[in-house]
Structure formats: structure tokens, C-alpha cells
Number of protein chains: 2
Amino acid sequence: MRKDYLLTPGPTPLPPQVQEALSRPIIHHRTAQYRALFKRILSGMQAAMQTKQSVVMFTSSGTGAMEASVCNLLSPGDHAIVILGGKFAERWQALCKTFGVAVTTIPVAYGEAVDPEQVRAALKQHPEAKAVFATLCETSTGVAHDIQAVAAAVRPTSAVLVVDAISGLLAEDCRTDEWGVDLVVTGSQKALMLPPGLAFLSVSEKAWMLIEQSKSPRYYFDLRLAKKALADDDTPFTSSVSLVVAMDEALKLILEAGLPQVLQRCRLMAQATRAGVEAIGLSLFAKRPSNAVTAVNVPAGVDGKKLTKHIQDRYNVTLAGGQGEMAGKIFRVAHMGYIGPFDILIALGAIELSLLELGGSVTPGEGLKAAQAVIGNLSPVGTR
Amino acid sequence: MRKDYLLTPGPTPLPPQVQEALSRPIIHHRTAQYRALFKRILSGMQAAMQTKQSVVMFTSSGTGAMEASVCNLLSPGDHAIVILGGKFAERWQALCKTFGVAVTTIPVAYGEAVDPEQVRAALKQHPEAKAVFATLCETSTGVAHDIQAVAAAVRPTSAVLVVDAISGLLAEDCRTDEWGVDLVVTGSQKALMLPPGLAFLSVSEKAWMLIEQSKSPRYYFDLRLAKKALADDDTPFTSSVSLVVAMDEALKLILEAGLPQVLQRCRLMAQATRAGVEAIGLSLFAKRPSNAVTAVNVPAGVDGKKLTKHIQDRYNVTLAGGQGEMAGKIFRVAHMGYIGPFDILIALGAIELSLLELGGSVTPGEGLKAAQAVIGNLSPVGTR
């Protein structure tokens with residue numbers, strides 16, 4: 001009878017249409033049927049990524065597409081600028097180091113967003129930088145960076161802008177072409193409402209020029225091979241067929257709802273979550289909070305690691321704790337993809353009761369009331 | 001009402017238990033529940049791979065684990081020996097080239113198996129070779145190489161033996177530890193009866209020494225990161241959770257049936273297929289045919305590309321054609337995983353009728369009769 005509730009920033013819950021599609025008999029990937037499907041998926045991803053540029057798919061986690069960005073754009077000895085501020089931004093730095101790329105970092109305190117002026121200054125100081133690596137939503141801190149402003153700083157230079165939108169896409173607005181983002185990276189298990197296992201990359205013309213020049217070794221993630229296969233609506237290597245079949249259903253749901261509506265629903269859920277946690281008397285960790293995930297400071301006197309464990313063990317509600325040095329200091333509630341507005345009440349209900357049970361001073365129901373008020377402001381909620 | 005029949009060497013059909021598991025609500029991967037599942041999967045893979053060595057999983061196609069083998073074992077300038085003989089063996093060569101590894105190739109004609117003496121001679125001539133790359137079943141030609149004999153040649157040297165068993169594992173015997181194979185690579189969408197999207201690698205102690213020394217850049221496929229995460233029954237990056245959940249069901253089926261029985265069923269189906277195609281008057285392409293897939297020469301006077309297309313379009317039976325330079329010259333019938341003995345009758349029925357319809361001289365039913373006789377020799381078939 002146990003009922004589980006998943007509110008983590010990836011994997012996120014699957015719509016029933018996606019679950020059904022996953023269970024279908026498998027099809028072969030070197031067939032006209034699959035190629036038509038794959039073409040439709042990529043066209044749907046162009047819409048989701050707000051780009052007319054080519055979109056490439058990898059069978060990997062999002063990190064695979066991050067690696068693809070680094071090793072296809074840059075050669076050993078090249079220079080890059082990395083905007084820091086969280087665990088996932090640091091992955092850009094680690095990837096650059098792996099491929100012998102010299103990195104200038106723009107330090108950003110955890111919980112804060114980058115000041116675009118710092119990007120402008122770094123590019124002025126390092127005109128040799130071939131790429132700037134940024135993050136749309138830093139999943140580890142719940143911060144949304146101002147990618148529009150970052151893009152405005154990068155666009156006039158010769159550098160390409162690469163944005164990790166793995167948890168951000170379809171939760172935060174990401175106007176790839178309009179803003180001039182050269183590479184956008186995303187993954188299947190966030191707002192795309194799929195299991196993990198697929199990664200996507202949009203690639204601008206400016207970026208393809210660098211890709212042809214890169215001397216870094218790559219094979220599985222070689223964008224030149226991917227581009228060649230793309231001409232036949234194909235992939236160089238066997239793709240995760242079941243996930244592609246299910247993605248057809250997920251994209252149908254997203255595109256039928258409409259991009260503005262999907263983004264608006266995330267915004268609403270984020271507002272409801274923030275209002276709820278603040279009404280409980282808790283504070284937000286992110287200075288510029290994202291619409292994908294809300295990071296909340298664990299109140300003084302409560303053991304943060306115990307808190308998420310308690311919420312899990314007693315109420316079967318899965319939230320995310322803090323990662324790395326943030327472990328025990330914050331917890332995170334996701335609100336994207338197939339998490340709906342009323343699911344926020346579940347998260348807040350479990351948080352309120354668990355804080356109370358672990359000795360916090362909470363008036364149960366205050367968070368619920370505040371979130372409900374936000375949800376009620378905009379209707380009909382269910383259709384968004 | 002259309003009914004499809006899939007007899008390709010990957011993806012192979014999914015058992016209903018696997019389909020059902022794929023459709024379950026998703027679970028989070030950083031939980032005790034997932035770690036217990038992942039531990040069980042890897043222990044099952046140790047049994048399937050006949051090894052007590054560590055088994056590592058990647059969310060990728062099999063090629064990802066092939067790349068992991070090359071970049072983790074070897075540094076630029078290192079020397080390796082590659083046994084050729086087909087499209088997939090050539091992938092080892094391409095991967096070595098990508099990572100700046102000097103390669104001595106052992107040429108093997110398409111359709112033939114390597115002579116282990118050639119391996120011995122190459123190792124004698126190149127004692128500096130750090131690795132030998134081989135293929136258990138060359139999917140593109142239907143050849144099974146004698147890995148036991150190859151391993152006997154490599155074992156006394158300082159080189160490690162890496163075997164692509166992507167389509168071979170669980171169809172051909174592969175006694176990893178007993179024969180002394182250092183790295184065995186496999187993928188989910190063959191005899192493991194899963195969709196594509198997971199790759200596995202068994203790694204010997206001898207191999208771990210090289211892995212620590214390699215200077216090749218790698219991140220997503222870094223075996224050092226994978227080993228570290230393995231200590232916590234975890235992966236460095238988000239894995240394809242749904243496939244792992246489904247794999248629990250697939251491994252249950254395999255281990256309950258028993259490894260010898262699974263191998264015996266493939267052997268039986270391979271024998272039935274060979275008997276059937278020979279009774280039709282066709283010849284086998286592989287001199288040392290594998291138990292995973294049978295490659296058949298397209299008879300003179302029949303257009304090979306038209307043949308597989310006709311079989312597909314008219315009878316909804318999906319067989320594989322020839323790849324690369326073999327296109328139109330051979331077709332391939334798979335018999336592994338959840339393809340059962342009587343499914344061979346479907347393949348042969350469609351082949352007989354299609355040959356007839358395309359102007360071949362065939363007495364319909366001869367292939368069916370011959371295959372049926374083989375299947376009937378060993379019973380009860382259904383339980384194997």
C-alpha cells in the first residue's frame with residue numbers, strides 16, 4: 001500500500017503515456033520507422049531548445065554531452081572561461097582539465113548568480129578564450145544564472161558560449177538562437193519527463209567551425225560522426241531505442257501544452273514552493289532562485305541529513321539533500337516536468353511534519369496555506 | 001492487426017517481464033533502494049560474464065565501453081595488437097587511432113576466424129604491445145573467434161586481452177576468468193534481452209594496473225571514477241535507471257534458467273538455422289559460425305538488398321542485411337536472448353517465400369523441415 005512521491009531534480013516522475021511507451025516491444029534502429037521517429041524527436045527538441053540549429057543526441061547521461069562540448073570544441077592548450085558557483089559548474093572545470101584546456105574561472109559563491117560584468121571583464125582580459133562555459137540552473141544550489149546577459153557579453157567576441165541546461169531546460173526560459181547561445185546541453189531525466197539515459201546538444205554554426213579544428217581525441221562523443229549520421233536521420237552508434245520511443249510521447253505532451261505554458265507552470269510551482277517554505281519560517285539558499293528546483297536552508301538546530309532521511313523514511317517523499325560541501329546544510333524540492341502544482345503540497349506537508357518531529361518550531365499548515373494561495377491565483381492549473 | 005517479428009542481432013525482443021519493469025514509475029538513483037538493486041545487477045553480470053573480477057557499467061551503447069577499454073588502458077604512443085575480420089573489429093582499430101595508439105593488425109578475411117598462431121607471432125614480434133583487442137562474435141560476419149585459444153596465446157605475455165563480447169556474451173561460452181580474459185565488453189540489447197543503452201566491462205587486476213598508468217584523457221568513461229563509485233555500489237554519473245530496473249528481471253530469467261542452458265539453447269537455435277538455410281540450398285558466410293547470429297550468402301541472381309526489404313515489407317519479419325562492403329551480399333538471422341527455437345521457423349518461412357517471390361529456385365518447406373528436425377532432437381525446448 002506504500003505510496004512513493006518523487007520530487008527530486010532528476011529523475012523526475014514519468015507521465016503514464018511515457019511509462020506505456022517504455023513498455024512497448026522494441027523496434028530496430030536501422031529502419032525507416034526509427035529514422036522517421038528520430039527525425040521527429042530532434043525537430044521537437046529544436047522547439048524545446050528554441051533553436052533552428054542542429055540538435056545532436058547521445059545515449060549517455062547529461063555529463064556525456066558536457067564532455068562532448070569540451071572535447072569537440074577545444075584542443076589541448078586552448079583557453080576557456082568557466083563560470084563557477086556549484087557542483088555542476090565545477091564539472092566544466094574538471095572536463096577542461098581532463099582535455100588539457102587552460103581555464104580562467106569566474107568565482108561565484110554557492111547560492112549566488114554570476115555578475116555578467118565579470119564575464120565581460122574575463123573575456124577582455126583573455127581575448128584568446130575560445131569558449132565560455134556556463135550553467136542555466138545550477139542544480140546543486142538552486143540558482144538560475146542570467147544566461148541572456150551572459151550571452152550578451154559573449155556574443156560580440158570570438159568565443160562560443162556553452163550552457164549546461166540539463167536541469168534548466170523547459171523550467172527556465174532558454175532562447176538559444178535569440179540570445180545567441182552556441183551550445184546548449186540537456187538531459188532526458190529532468191523537465192523532459194523521461195528516464196535518464198539520453199543527452200542532447202544544440203550546436204551553432206560558429207561552434208561547428210571550432211569542432212572541425214579540435215585536436216582532442218574523441219570517438220563515442222565525436223560530433224563530426226554525429227553530424228554525418230544526422231544527414232540520414234541516424235546516429236553513429238546504437239541509441240537507447242526505448243527512450244527515444246518514449247520521448248515521442250513526452251514531446252507530444254510538452255508541445256501540445258505549449259512552451260510558454262510549460263514554463264509558466266514551473267514558475268508558478270517555484271513561486272508556490274518559495275511562498276510555502278518562507279511561510280514555514282525557512283529561508284531560501286539561492287539569491288536568484290530557479291524555477292526548476294528550490295534549495296532551502298536547513299534551520300538551526302535541525303540535522304539536515306536526518307531531515308531528508310526522515311522525510312523519506314516516514315512519508316515516502318523523496319527530496320534531494322545537499323551535495324558535496326552542501327550536504328546537511330540545504331535540502332532541495334524540484335518542480336519541473338511531470339511534477340504538478342498540487343504535488344508541492346505533498347512536499348510541504350512532509351517538510352512541515354518532519355521538522356516538527358525533529359524538534360523544529362513549526363506551525364503545521366502555514367506552508368501549505370501559502371503555497372495553495374499561489375496555486376489558486378492562476379487557474380485552471382491542471383491543464384498547464 | 002500487423003504482427004512484427006524481430007530477429008536482428010540487437011536490439012533483440014524483450015521478455016514481457018522486462019517490458020513490464022520498463023513501465024514502472026521511476027526511482028531515484030541516489031537511494032539505498034537503487035544501490036541494493038545496482039549491486040544485485042553487477043553480481044548477476046559477474047555470473048553472466050563468468051568472472052569474479054569487478055564489473056563496471058556505463059550508460060552508453062557497447063561502443064562506449066569499447067572506448068573505455070582503449071582510453072583507460074593505453075596512452076598515446078603505446079602499442080596494441082588488433083585482430084581484424086569485420087566491421088566491429090575495425091572499430092578497435094579506429095579507437096586506437098583516435099587515442100594515438102600504434103596498432104599492429106592481424107588481418108583476417110571477412111567470414112574467417114583468426115588463427116591463434118598469428119596472435120602468438122604478433123606478440124613475439126611486438127613484445128612492447130600492451131593490449132590485444134579481439135572479438136568473441138563478429139556481428140557483421142557471424143564468425144565466432146576462438147577466444148580460449150587467443151587467451152592462451154596472450155596470457156603468458158605482459159599484454160592484456162580485451163574482448164568485444166557485445167553480441168557474443170550468453171550466446172558463445174566466454175570463460176573470462178578461466179581463460180584469462182582481462183576485459184570483456186558487452187551491451188544490453190543482445191542476449192541480455194534489454195533495450196540498448198547500457199554497456200558493461202569486466203576488469204582484471206592486471207588491467208587495473210594499466211588503467212592507473214594511462215595518460216589518455218577520459219572523464220565520462222574514466223574507469224578510475226567508476227571504480228571509486230563502485231565501492232559505494234554507485235556510478236559516477238546518473239545511470240539509465242529504467243534499464244537497470246528492467247535488467248533485474250532479465251538477469252533473473254537468465255540465472256534461473258542457468259548459464260549452460262542459455263548457451264545450449266543458442267547452440268540449438270544456431271544449428272537449426274544453419275540446417276534450415278542449407279536445406280533451402282543456401283550457404284553460410286562464416287567459416288566458424290557463431291551461435292548468436294547466422295550470416296547467409298545471398299544466392300546468385302537475387303538482389304540481396306531487395307531480399308531483406310521484401311522480407312520486411314511483405315512479412316514484417318526484420319532480419320539484418322550486410323553492413324558496409326557486405327551490404328547486399330549476405331543477410332543475417334539472430335538467435336539469442338529472447339528469440340526462441342520456434343522463432344527460427346518464422347525467419348526460415350519468410351526467407352523461403354521471399355526467395356521464391358524474388359525469382360529464386362526454392363522448394364518451400366525444406367528449410368522449415370530441416371530446422372524443425374534439429375529443434376525436435378532436444379526437448380523440452382520451451383524451458384531452455
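The values are calculated or read from the model by the stated rules, or taken from the named source; none is laboratory data. All figures in this text were calculated on a predicted structure; none of them were measured in a lab. Backbone-built Cβ (ideal geometry, glycine too); neighbour counts: all protein chains shown.
Restricting to segment A:229-239, count the residues that are buried (at least 16 other Cβ atoms within 10 Å of the Cβ) and either more than 14 Å from chain B (Cβ to nearest Cβ) or in contact with a Lys or Arg (Cβ under 8 Å, 6 or more places away or on another chain) (or both).
Total meeting the criteria: 4.
Looking at A:S239, A:S167, A:S216 in this structure, which one is assigned to a loop (DSSP other than H, G, I, E, B) and closer than 20 Å to A:A129 by Cβ?
On the way: A:S239 fails: closer than 20 Å to A:A129 by Cβ; A:S167 fails: closer than 20 Å to A:A129 by Cβ.
The unique qualifying residue is A:S216.
Could you please give the count of residues in segment B:12-57 that are among the acidic types (D, E) and over 23 Å from A:V241 (Cβ atoms)?
As a first pass, look at segment B:12-57 and keep what is among the acidic types (D, E): B:20.
Adding the requirement that they be over 23 Å from A:V241 (Cβ atoms) leaves none.
Number satisfying all stated conditions: 0.
Hey, could you check segment A:322-348 for residues that are within 13 Å of another protein chain (Cβ to nearest Cβ) and at pLDDT below 95 and say which is farthest from A:C266 (Cα to Cα)?
A:G324
Sort out which residues of segment B:60-103 are within 20 Å of A:S75 (Cβ to Cβ) and of a type in the set (S, T, Y), and write them in order of number.
Passing the criteria: B:S75, B:T98.
Condition check: more than 23 Å from B:L73 (Cα to Cα) and not small (G, A, S). Does B:M209 satisfy that?
Values: more than 23 Å from B:L73 (Cα to Cα): no; not small (G, A, S): yes.
No.
I want to confirm something. Restricting to segment A:1-15 and keeping residues that are surrounded by fewer than 23 Cβ atoms within 10 Å (Cβ to Cβ) and out of contact with any Ser or Thr (no Cβ under 9 Å at 6 or more places or on another chain), which single residue is nearest to the other protein chains (Cβ to nearest Cβ)?
Filtering segment A:1-15 for residues that are surrounded by fewer than 23 Cβ atoms within 10 Å (Cβ to Cβ) and out of contact with any Ser or Thr (no Cβ under 9 Å at 6 or more places or on another chain), the one nearest to the other protein chains (Cβ to nearest Cβ) comes out as A:P13.
Could you please find all residues in segment B:240-270 being buried (at least 23 other Cβ atoms within 10 Å of the Cβ) and polar (S, T, N, Q)?
Listed by number, the residues that qualify are B:S240, B:S242.
Which condition number in (1) under 18 Å from the mean Cα position of the chain (by Cα); (2) buried (at least 24 other Cβ atoms within 10 Å of the Cβ) is the one that A:R175 fails?
(2)
Can B:A257 be described as touching a Ser or Thr at 6+ places or on another chain (Cβ under 9 Å), among the small types (G, A, S) and within 27 Å of B:V101 (Cβ to Cβ)? Explain how you work it out, then say what you get.
Numbers: touching a Ser or Thr at 6+ places or on another chain (Cβ under 9 Å): yes; among the small types (G, A, S): yes; within 27 Å of B:V101 (Cβ to Cβ): no.
No.
Can you name the condition, by its number, that A:G281 falls short on among (1) farther than 27 Å from A:C174 by Cα; (2) modelled with pLDDT of 95 or more; (3) touching a Gly at 6+ places or on another chain (Cβ under 8 Å)?
Here A:G281 meets the rest and fails (3).
Name the residue, out of B:G360, B:G340, B:G349, that is small (G, A, S), in contact with a Pro (Cβ under 8 Å, 6 or more places away or on another chain) and surrounded by 15 or more Cβ atoms within 10 Å (Cβ to Cβ).
Numbers: B:G340 fails: in contact with a Pro (Cβ under 8 Å, 6 or more places away or on another chain); B:G349 fails: in contact with a Pro (Cβ under 8 Å, 6 or more places away or on another chain).
One residue alone meets the criteria, B:G360.
Criterion first (hydroxyl-bearing (S, T, Y) and either closer than 22 Å to A:L201 by Cβ or in the same structural domain as A:P196 (by TED's automatic domain parsing) (or both)) does A:T8 satisfy it? Full working, then the answer.
Values: hydroxyl-bearing (S, T, Y): yes; either closer than 22 Å to A:L201 by Cβ or in the same structural domain as A:P196 (by TED's automatic domain parsing) (or both): no.
For A:T8, the condition - hydroxyl-bearing (S, T, Y) and either closer than 22 Å to A:L201 by Cβ or in the same structural domain as A:P196 (by TED's automatic domain parsing) (or both) - is not met.
Given A:L378, A:L355, A:L319, which one is at pLDDT below 95 and either of a type outside the set (G, A, S) or not assigned by TED's automatic domain parsing to the domain that holds A:I280 (or both)? Explain how you work it out, then say what you get.
On the way: A:L355 fails: at pLDDT below 95; A:L319 fails: at pLDDT below 95.
Being at pLDDT below 95 and either of a type outside the set (G, A, S) or not assigned by TED's automatic domain parsing to the domain that holds A:I280 (or both) holds for just one of A:L378, A:L355, A:L319, which is A:L378.
Which residue pairs have Cβ atoms under 7 Å apart, sit 6 or more places apart or on different chains, and have a first residue in segment B:211-228 that is more than 8 Å from chain A (Cβ to nearest Cβ) and surrounded by fewer than 22 Cβ atoms within 10 Å (Cβ to Cβ) and a second that is at pLDDT below 95 and not in a helix (DSSP H, G or I)?
none
Tally up the residues in segment B:104-145 that are within 18 Å of B:A334 (Cβ to Cβ), out of contact with any Asp or Glu (no Cβ under 6 Å at 6 or more places or on another chain) and hydroxyl-bearing (S, T, Y), please.
The qualifying residues number 3.
When segment B:18-28 is examined, which residues are found to be more than 7 Å from chain A (Cβ to nearest Cβ) and either of a type in the set (K, R) or more than 22 Å from the chain's Cα centre (by Cα) (or both)?
Our first condition is that a residue be more than 7 Å from chain A (Cβ to nearest Cβ); within segment B:18-28, this holds for B:18, B:21, B:24, B:27.
Listed by number, the residues that qualify are B:A21, B:R24, B:I27.
Failed condition for A:H29, given (1) at pLDDT below 95; (2) assigned to a helix (DSSP H, G or I); (3) under 30 Å from B:S216 (Cβ atoms), with all others met?
(2)
How about segment B:53-126: which helices (runs of 4 or more DSSP H) wholly inside it have at least 3 residues that are more than 14 Å from every other protein chain (Cβ to nearest Cβ)?
Fully inside segment B:53-126 and qualifying: B:116-125.
Go through segment A:296-339 and report how many residues are among the hydroxyl-bearing types (S, T, Y) and in a loop (DSSP other than H, G, I, E, B).
Restricting attention to segment A:296-339, the residues satisfying the condition of being among the hydroxyl-bearing types (S, T, Y) are A:308, A:315, A:318, A:338.
Keeping just the survivors that are in a loop (DSSP other than H, G, I, E, B) gives A:338.
So the answer is 1.
What are the residues in segment A:149-164 that are assigned to a strand (DSSP E or B), under 18 Å from the mean Cα position of the chain (by Cα) and in contact (Cβ under 8 Å) with a residue 60 or more places away in the chain, if any?
Filtering segment A:149-164 down to residues assigned to a strand (DSSP E or B) leaves A:160-164.
Pick out the ones that are also under 18 Å from the mean Cα position of the chain (by Cα) and you get A:161-164.
Across segment A:149-164, the qualifying residues are A:V162, A:D164.
If B:P195 meets every condition in (1) surrounded by fewer than 21 Cβ atoms within 10 Å (Cβ to Cβ); (2) not charged (D, E, K, R); (3) not in a helix (DSSP H, G or I) apart from one, which number is that one?
Every condition holds for B:P195 apart from (1).
Tell me, yes or no, whether segment A:226-235 has at least one residue that is in a helix (DSSP H, G or I) and closer than 20 Å to A:V160 by Cα. It would help to see each step written out before you state the result.
Taking segment A:226-235 and keeping what is in a helix (DSSP H, G or I), we get A:226-230.
Next, only the ones that are closer than 20 Å to A:V160 by Cα stay: A:226-227.
Yes, there is a match, as at least one residue in segment A:226-235 is in a helix (DSSP H, G or I) and closer than 20 Å to A:V160 by Cα.
Would you check if A:T308 is farther than 27 Å from A:P116 by Cβ, polar (S, T, N, Q), surrounded by 23 or more Cβ atoms within 10 Å (Cβ to Cβ) and assigned by TED's automatic domain parsing to the domain that holds A:I330? Steps first, please.
On the way: farther than 27 Å from A:P116 by Cβ: yes; polar (S, T, N, Q): yes; surrounded by 23 or more Cβ atoms within 10 Å (Cβ to Cβ): yes; assigned by TED's automatic domain parsing to the domain that holds A:I330: yes.
Considered against the rule, which asks whether it is farther than 27 Å from A:P116 by Cβ, polar (S, T, N, Q), surrounded by 23 or more Cβ atoms within 10 Å (Cβ to Cβ) and assigned by TED's automatic domain parsing to the domain that holds A:I330, A:T308 comes out as yes.
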